[in-house]
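Shown next, in structure tokens, is the structure this report addresses.
The values are calculated or read from the model by the stated rules, or taken from the named source; none is laboratory data. Everything numeric in this text was worked out from a predicted model, so none of it was measured. When we count neighbours, we look across all protein chains shown, and the Cβ atoms used for this are built from the backbone with ideal geometry, even at glycine.
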Amino acid sequence: METESAILALAALAQSTRLDVFRLLVRNEPGGLAAGEIAGSLAVPQNTMSAHLAVLSRAGLVTARRIGRSIVYRADLARFQAVMSFLLNDCCDGRPEICAPLIESIAPCCPPKQKRKGKAHVRSHV
């Protein structure tokens, strides 16, 4: 990721309504939300919301898809991950001990899903 792309994404999130929109969309993954639902949830006028969604779209943090008469927005989690990775890789400069405390502090929020072992075999008693 280039520095300018990271700056664009961080600038988009550096405004309270846009940050709230992004967080709302993350919570509603993978289905996303229609623009009107986003505006209603955050009590923001639709024309103002359109401007905020446009900024987030230009930054690559949200994607839009037309479904019927609605435009459904989704958080682009891969892009967000790329921005965060850019920051962490850049700040550590080959010294993982610098970023280790940060990584440890966020790890408890997102434990990996446990892999299911094969289906349990159920015996019937005859």
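Kindly list the number of the only condition in (1) surrounded by fewer than 13 Cβ atoms within 10 Å (Cβ to Cβ); (2) under 15 Å from Phe80 (Cα atoms) that fails for Val55. Val55 satisfies every listed condition except (1). Output the residue which, of all residues in segment 14-27 that are charged (D, E, K, R) and exposed (fewer than 14 other Cβ atoms within 10 Å of the Cβ), is nearest to Leu53 (Cα to Cα). For segment 14-27, the residue satisfying everything is Arg23. For segment 18-48, a residue qualifies if it is within 16 Å of Arg65 (Cα to Cα) and more than 14 Å from the chain's Cα centre (by Cα), and the qualifying residues are Ala34, Ala35, Gly36, Glu37, Ile38. Considering only segment 85-102, I want to know if a residue exists there that is part of a strand (DSSP E or B) and at pLDDT 70 or above. No, the conditions are met nowhere in segment 85-102. Restrict the check to segment 28-35 and report whether at least one residue is assigned to a helix (DSSP H, G or I), in contact (Cβ under 8 Å) with a residue 12 or more places away in the chain and surrounded by 12 or more Cβ atoms within 10 Å (Cβ to Cβ). Yes, segment 28-35 contains at least one residue that is assigned to a helix (DSSP H, G or I), in contact (Cβ under 8 Å) with a residue 12 or more places away in the chain and surrounded by 12 or more Cβ atoms within 10 Å (Cβ to Cβ).
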